Amino acid sequence: MTWLLVKKDLLRLSKHPVGFLLLLAAPIFMASLMGFVFGGDGDNGMTPHVDLVIEDHDDTFVSGFIKSAFRHGKMAEMFNVSEVDSGKGRALVENDKVSALLIIPKGFSDSLWQKKTTELTLVKNPSQAFAPKIAEETVKILAEGGDRLLRIADRPISAIRAEIADTNSPSDESVAAIAVMINAMMQKSADLIFTPPIKMKEKTISTDEQIYDAGTLFSFFLTGVAVMFLYFILNGMAADYFRERDHFTMRRIIVSPAGKARYYFSKHIYLFLAGLASFVLVWIFGFIVWGVRMPLQLASPFLLLCVLIAFSAAGVISFLYSFFRTRNQAAAVTPAVILLLSMLGGGMIPVDSLPNFIKSLTIYSPVYWGVDGLQQIIINHESWHELTLHFGVLTGIALVATAASFFVQGRKASL
């Protein structure tokens, strides 16, 4: 009898899936947004990608040096650089094809050698928030670095330019003089170049200490978003209580042989199954589309954790709805409770970013045990032993919340 009631709800959902799909679209949209921002590339997902085009009107050694700076080392991983003919770069920016356009003006290098004020023009794409800002800061760093280099190496550079301007071959005396100037410059700057006063101490973080480990920043935020939106999805689906009451479906089932207990139990199972399906779909989207990675041997604890998260969330939502008598009461109170639990549990803000006095309260949020458990598996690659407490707490929350909701609903007068 209970399964027939669950089947009824599932069949109705399959015939009218628009509402469910709209609820499911919210976490998928948020996951997609984070993927675009943080670049879920399946490797480390934390390197931003900036499409930069350059118009080089100078075409000298100096302008070539600027262009090559974007094509080496970490810069090459971050920037996708291409050169375009004069006047074509702005059209690419205006059509949202690139993140920024860098214009190197004609006579740029001559102005530098002659210590005249010159400028680089950067045209930013206003429809993109992060990539143009990265391009802007990078160009500023290159400009500052070039200015400091010219100031430090002023004498040898001036001497070299004078020799280049002279049509005759440089004499041994002039070459030696330039070498002496370069040596003097290096000795003067040696303490800053080779032994800087601020040293960087490197440390390899062990597995136990590592927070983001082999996971991604995208995965870190997805764990919180997925659990938080699971509660909102279940909240939207729990409105069936009021829909069936308004259409007298609830009354007909309660007075039938099925009874009140089977009715509420079937609703709880329905919420659990639909919530679990939506939660798993979000993660399938993350795995396939955004390249979230997880060792295959952790698939079993991950699936069990998903089941317990959905089970506990269904219990909490059922418990909350057992107190409401009107749709307006549920609409006013439940979202606020979900936001509070998400804020405390890391669904909205990373727990490490919370003030210390709030951190002590995180363990009382069911969202925390789901978010932290997922992070332990996907980011820290922890397995069964390290997740025993999470499994136990989520199971306890699910059983207590479900039993409490049945108790409260059982004490209500027949509708």
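Every read-out reported here was derived from the displayed coordinates using simple, explicitly stated rules and does not represent laboratory data. The shown structure was predicted, so the numbers you read here are calculated from the model rather than taken from an experiment. Here the Cβ positions follow ideal geometry from the backbone for every residue, glycine too, while neighbour counts run over all protein chains shown.
Take 72, 390, 381 and order them by how many other Cβ atoms sit within 10 Å, fewest up front.
Values: 72 8, 390 24, 381 18.
The fewest-first ordering by Cβ neighbours comes to 72, 381, 390.
Just want the ordering: 362, 117, from fewest to most Cβ atoms lying within 10 Å of their own Cβ. Walk me through the intermediate numbers first.
Working: 362 18, 117 6.
The fewest-first ordering by Cβ neighbours comes to 117, 362.
Which of rounded, prolate, oblate describes segment 273-316, given a ≥ b ≥ c as roots of the alpha-carbon gyration tensor eigenvalues and a/c under 1.5 marking rounded, otherwise prolate only if a/b is larger than b/c?
Working: a/c = 3.23, a/b = 1.53, b/c = 2.11.
Oblate shape, in that a/c is at least 1.5 and b/c is the bigger or equal ratio.
Please identify the trypsin sites (Lys or Arg not before Pro) of segment 296-403 that satisfy two criteria: DSSP loop assignment and at most 13 other Cβ atoms within 10 Å. Which are they?
Values: sites: 325, 327, 359; in loops: 325.
Here the sparse-neighbourhood loop sites are 325.
Going by C-beta contacts inside 10 Å, put 278, 109 in order with the fewest on the left. Don't jump to the answer; show the numbers that get you there.
Numbers: 278 23, 109 19.
Result, fewest neighbours first: 109, 278.
For the ranges 351-357, 291-297, 221-227, 102-108, what's the packing order if you count other beta-carbon atoms within 10 Å of each residue, average per peptide, and put the highest first?
Values: 351-357: 10.1, 291-297: 14.7, 221-227: 25.1, 102-108: 18.1.
The densest-packed peptide leads the list: 221-227, 102-108, 291-297, 351-357.
Could you tell me the ratio Rg/Rh of segment 50-156? Both radii from Cα atoms, Rh via Kirkwood.
Here the Rg-to-Rh quotient is 0.97.
Determine, from the Cβ-Cβ distance of residue 273 and residue 127 and an R0 of 41 Å, the FRET efficiency 1/(1 + (r/R0)^6), rounded to the nearest 0.05.
The value I calculate is 0.50.
Under a 5 Å amide H to amide H cut-off, with H placed in plane at 1.01 Å, what residues pair with residue 54 once short-range neighbours are removed?
Long-range HN contacts for residue 54: 82, 83, 84, 102.
Tell me the label-point distance for the pair residue 357, residue 337, using the 7 Å Cα-to-Cβ offset, in nm and rounded to one decimal.
Distance between label points: 2.6 nm.
Could you check the simple spin-label distance between residue 386 and residue 84, using points 7 Å along Cα→Cβ, in nm with one decimal?
Inter-label distance under the simple model: 4.7 nm.
Go ahead and run the numbers for FRET between residue 113 and residue 284, Cβ-Cβ distance against an R0 of 51 Å, rounding to 0.05.
Step by step, r from the Cβ atoms, then E = 0.30.
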